[in-house]
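The values are calculated or read from the model by the stated rules, or taken from the named source; none is laboratory data. All values derive from a computational prediction rather than experimental measurement. Note that each Cβ is placed from the backbone with ideal geometry, even for glycine, and that neighbours are counted across all protein chains shown. Side chains included, ligands, DNA and RNA excluded: accessible areas come from the protein's heavy atoms. Shrake-Rupley method; radii C 1.70, N 1.55, O 1.52, S 1.80 Å.
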Amino acid sequence: LQVLNEKKLQEVDSLWKEFETPEKANKIVKLKHFEKFQDTTEALAASTALVEGKLSKNLKKILKKIVAKDAHEQLAVADAKLGGVIKEKLNLSCIHSPMVTELMRGIRSQIEGLITGLPSREMAAMCLGLAHSLSRYKLKFSPDKVDTMIIQAISLLDDLDKELNNYIMRCREWYGWHFPELGKIITDNLTYCKCVRKVGDRSNFASSDVSDILPEEIEEDVKAAAEISMGTEVSEEDINNIIHLCDQVIEISDFRTQLYDYLKNRMMAIAPNLTIMVGELVGARLIAHAGSLLNLAKHPASTVQLLGAEKALFRALKTKRDTPKFGLIYHASLVGQSNAKNKGKISRMLAAKTALTIRYDALGESTSAEMGAENRLKVETRLRLLEERGIRRISGTGKALAKMDKYQNKSEVKVFDPSGDSTLPVVSKKRKIQEVDEQDTEVAVKAKKFKAEMKEKTAVEDGEPVKKKKKKKDKAKQAEEEEVLSEELPTSPIIEVR
């Protein structure tokens, strides 16, 4: 189509009025060239090329004819990406603007009047068939970007785990009535079921060879326990039903192993970076909880951290208590490696890095897992620093990159100083008993003098004459002094004078 009146195109807001009727539309644009598709397959190929911003073969031939005739004119395109491809390959100037969008909308509304020779019923049928084919093409199975399979696989894996647990517990309890000692000797559930299926009745253990299932030591213990077992006797029909249950457990276990391998491969194909960060099981549960990988990519890091703990979060907000620190991401290996004190910090950082990897997997064109490996290394470095309480800086600025100094453990032996425990004056550690007694006597004498002075003051104030008291020595002290004096006096011979 060729534009006849370019002045009217300048008024973008009122451009729709020029396409109200086919007559008005024919005054604005004129049919330059029209080529019909041969079948729906050709139309679908051209449509998908336009959707992906590529140049189809038929469109390239038509544009070459236009370039040969009207090379000086501009080509209006509805897709800027397609216009860039046309300009690069055919050297034809293209224009894309809001005016072009309004023009395309008007042309679509009056397409039946602008293109002659096509009945309206046939045009509607062709448009409907092409729309169905294009929708089927968009919804076709793509092994690279299909997360529905992951959601179904992880849901089935959880169901299988529950059923396996119920079946194994029922098998152990049922066969335990016949041979209760076997459950304590063989702890592995799958090995237990294989052993029961192969032997059956406990009396057959003595003649059976289970070396391909059990080690030699455990096999000897089982045979010894079977001879002195305290279990009840059961019929052959009961044993057959127990063996049938063991067959079911072994089949489900094999299918679970196969399903886990399928889920692991599918996760590495769809979300490789997410798988490296948190593992295939946690990543699949996050995708299933959000509904799809694209929905998960729309969530912020704080939501990714608490996915799976919504009930606890709203209960904490309602009761005004501490909110949870992690949800499904708690089962990631990095959170499990950290101690209880650092789990909150590690889960927050892991959720932030996981949110980046999810968006890279969902919206990026590359399928490499380098980004996930780099982010996991950063989280591991942060975890190691928190555990060792070393340098906290792990990321550099724009000017200077991060520098990790070598950690050196400097251990210093410090001796306890007891002088800081007490604020009393320093006294010699050992004092003689005599010094203590002298101090006590001095304190007693001072107290007596102080009492005497106080009595004298009160007597003077009352106007009474002060009586001086004679000092009286104790009789015992006097006796002691006399004995001392008698010992000290020199003994001289008595001379009698006549």
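Classify the range 2-139 as rounded, prolate or oblate from the Cα gyration tensor: take a ≥ b ≥ c as the square roots of its eigenvalues, call it rounded if a/c is under 1.5, otherwise prolate when a/b beats b/c and oblate if not.
Working: a/c = 1.59, a/b = 1.12, b/c = 1.42.
Oblate, because a/c is 1.5 or more while a/b does not exceed b/c.
Once you put a point 7 Å from the Cα of Arg321 and another 7 Å from the Cα of Glu122, both along the Cβ direction, what distance in nm separates them?
Once both label points are built, they end up 7.4 nm from each other.
For Leu160 and Ile218, what is the calculated FRET efficiency with R₀ set at 25 Å and r taken between the beta-carbons, to the nearest 0.05?
Details: r = 27 Å, r/R0 = 1.10.
Efficiency, rounded to the nearest 0.05: 0.35.
Just the accessible area per residue of the range 2-139, please: how many Å² with a 1.4 Å probe?
Values: 9560 Å² over 138 residues.
The answer is 69 Å² per residue.
For the range 271-389, what's the relative contact order in percent, using C-alpha pairs closer than 8 Å and at least 6 residues apart? Before the final figure, lay out the partial values.
On the way: 147 pairs, mean separation 44.5, N = 119.
Relative contact order of the range 271-389: 37 percent.
Spin-label point model (7 Å from Cα, Cβ direction): what's the Phe37 to Thr148 distance in nm?
2.4 nm
Which cross-chain or sequence-distant (5 or more) residues have an amide H under 5 Å from the amide H of Val29, H modelled 1.01 Å from N in plane?
Correct list: Leu4.
For Cys94, which sequence-distant residues (separation of 5 or more, or a different chain) have an amide H within less than 5 Å of its own amide H, given hydrogens modelled in the peptide plane?
Leu75
Can you check what the net charge comes to around Leu160, using other residues whose Cβ is under 12 Å from the Cβ of Leu160 (Lys, Arg +1; Asp, Glu -1)?
Numbers: positive: Lys162, Arg256; negative: Asp158, Asp159, Asp161, Glu163, Glu251, Asp254.
Cβ neighbours under 12 Å give a net charge of -4.
By how many nm would the segment from Val12 to Ala312 grow when fully extended, if each residue of separation counts as 0.36 nm and the alpha-carbon distance is taken off? If you can, show how the numbers build up before the last one.
Numbers: separation 300, 0.36 × 300 = 108.00 nm, distance 5.38 nm.
Roughly 102.6 nm would be gained on extension.
Over the range 271-389, with every protein chain in place, what whole percent of the accessible area is carbon and sulfur at 1.4 Å, could you tell me?
Numbers: 3320 of 6210 Å².
Using a 1.4 Å probe with all protein chains present, the range 271-389 comes out at 53 percent carbon and sulfur.
With θ set to phi - 60°, apply the Karplus curve 6.51 cos²θ - 1.76 cosθ + 1.60 along the range 162-174 and write out the HN-Hα couplings as whole Hz, x wherever there is a Gly or Pro.
5, 5, 4, 4, 5, 5, 5, 5, 5, 5, 5, 5, 5
Take the solvent-accessible surface of the protein heavy atoms, probe 1.4 Å, and return the percent of it on the range 150-259 that carbon and sulfur atoms account for. Don't skip to the end; give the middle numbers.
Working: 3120 of 6370 Å².
Of the solvent-accessible surface of the range 150-259, carbon and sulfur hold 49 percent.
Leaving ligands, DNA and RNA out of it, rank Arg382, Arg285 by accessible area with a 1.4 Å probe, largest first. Working shown, then result.
Values: Arg382 55, Arg285 80 Å².
From most exposed to least exposed: Arg285, Arg382.
Any idea of the accessible area per residue across the range 271-389, 1.4 Å probe, to the nearest Å²? Present the calculation step by step, with values, prior to reporting the outcome.
Numbers: 6210 Å² over 119 residues.
On a per-residue basis, the range 271-389 sits at 52 Å².
Can you give the accessible area per residue of the range 150-259, in Å², using a 1.4 Å probe?
Details: 6370 Å² over 110 residues.
Each residue of the range 150-259 exposes 58 Å² on average to a 1.4 Å probe.
When only C-alpha pairs under 8 Å and at least 6 residues apart count, what is the relative contact order of the range 150-259, in percent? Please report the intermediate quantities before stating the final value.
Working: 89 pairs, mean separation 44.7, N = 110.
RCO, the range 150-259: 41 percent.
Tell me the label-point distance for the pair Asp238, Ser109, using the 7 Å Cα-to-Cβ offset, in nm and rounded to one decimal.
The modelled label-to-label distance comes out at 8.4 nm.
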